[in-house]
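Accompanying notes for the structure given below.
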Amino acid sequence: MTLNSSEKQILELISFGQGRSRKKIAETLNLTQGTITNVTKNFLEQGLIVEGERVSSGMGRKEVLLYAHPHKFTYMGIDIGGHSVRFSLGNNGLELLHAHECLMVDLTPEEERGEALLRKIDEFLALCGTDAAAIDAIGIGITGIVDAVQQTVLNMPNAEHWDNLNLVSLLNERYRCPVFLDESGRTMALAEQMSGEARDIGDFIVVQVGYGIAAGIMIDGRPLRGVNNAAGLLGHITADPNGPRCSCGNYGCLENILTFPMLRNEFILRGGSGTLADAYRLNDKVALDVCLEAGQALGIALSNVVNLFNPETIYIGGPMFDVMPLLLDETKRTITLRANRFSTLTLKLERTSFGSRQGLIGALALAKIRLIQGL
Ligand SMILES: [Zn+2]
């Protein structure tokens, strides 16, 4: 399938949006209604798009909304974090069909991470009862630094034996479909943009906190990459100049304060007993202090980000914010206190749309966006 530039623009607009009328598409792309009618007729015949509900657009007759055909393509999404690796299959509407998770320590032998990953993918496909031939594209999000041009992993600070691994060619050779790789903060931001609450927002940030911290910064609808594709390393911002050495080589990184294991370590170090979550529920002072300080650290880091990028919304994800809401309250309070008042005037702090599945939806979104852009 080869599309000309107008056809490409029309298909992208329909595929990445959440229902658009022909009239709206014509206005957005500055094309004639006749062109849109002809092109969408072809797309309908090819099964690329479907017609949805009719909506009223003020005066005149109702407009039919157009959507990407949910069953046209099937994607595999893989989200590789320092602690766990998640697998998913999704349709062209980015709905999860299957999801599965394994621990990073289960990808052995460590020296052969690539082969171990292939084995886990094969197991996942067998579990789903899906043949690899049914997959149209694979998206991989990884908590680390990737070479966007070479499509290789440059560095994964929280797990060994991933550096310089060419996952794209490895998976491409095995599964015979296009494979795309990006840093997981950016894929999570893509998920928010394509299927979440940030559909009509150009400037926003997604922050996911678990065993590590991933962040994606969107500016005017495009992910910030930086000259070496290393932009957005929120977890490795110095939060405590006297803090311990981080796995990245720096000292006192935010990841040394805020991640789940770091909160737990700090709680134990200060004499806390039992689990941090239980102690928090009992209003234990040590647990509350640990949360307050971690919330402040994230708030300070995000105040700097807010002052630099002036986002409309920050989406924060991670189970610890559900279990210990004080963390988020203190983060919000610190941002309001420290970031520039003109930036905070309209700033919204929300939870991410997909919770623990943000990375999986993001990896599927990466596969979809890149496959359709390449048609
Ligand atoms: Zn670091």
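Quick notes on this one:
- Inter-label distance for ARG54 and ASN242, nm, one decimal - labels placed 7 Å from Cα along Cα-to-Cβ: 7.1
- Point-charge dipole on Cβ atoms (K/R +1, D/E -1) for the range 77-116, about Cα centre, debye to 20: 180
- The chain: angle of helix 326-338 to the longest principal axis, Cα-based, in degrees nearest 10: 80
- Other residues within the sphere of radius under 11 Å centred on the Cβ of GLY82, judged by their own Cβ, net out at -2 (K and R +1, D and E -1).
- In degrees, nearest ten, helix 5-16 long axis to first principal axis of the chain (Cα): 50
- Computing FRET efficiency as 1/(1 + (r/R0)^6) for ALA277 and ARG61, where r is the C-beta to C-beta distance and R0 is 45 Å, gives about 0.20.
- Computed magnitude of the charge dipole of the chain (debye, nearest 20; Cβ of K, R +1, Cβ of D, E -1): 1200
- Euclidean distance of C-alpha centroids, the range 151-224 and the range 354-375, integer Å: 9
- Accessible-area ranking of GLU112, GLU183, GLU12, largest first, probe 1.4 Å: GLU112, GLU12, GLU183
- For the set LYS8/LYS368; LYS24/LYS62; LYS72/LYS348; LYS8/LYS41; LYS8/LYS62, the pairs lying more than 24 angstrom apart at their alpha carbons are LYS72/LYS348; LYS8/LYS62.
- With the charge dipole of the chain set up from +1 on Lys and Arg Cβ and -1 on Asp and Glu Cβ about the Cα centre, the Cα lying farthest toward the positive end among the listed residues PRO157, ILE314, GLN18 is that of GLN18.
- Cα gyration tensor category, rounded, prolate or oblate, for the range 274-343 with a/c compared to 1.5: prolate
- FRET efficiency for ASN265 and ASP322, using Cβ-Cβ distance with R0 set to 25 Å, rounded to 0.05: 0.75
The values are calculated or read from the model by the stated rules, or taken from the named source; none is laboratory data. Just so it is clear, the model here is predicted, and its values are computed rather than measured. Methodologically, a virtual Cβ is constructed for each residue, glycine included, from the backbone with ideal geometry; neighbour enumeration extends over all protein chains shown. Note: areas computed on protein heavy atoms with side chains; ligands, DNA, RNA excluded. Shrake-Rupley method; radii C 1.70, N 1.55, O 1.52, S 1.80 Å.
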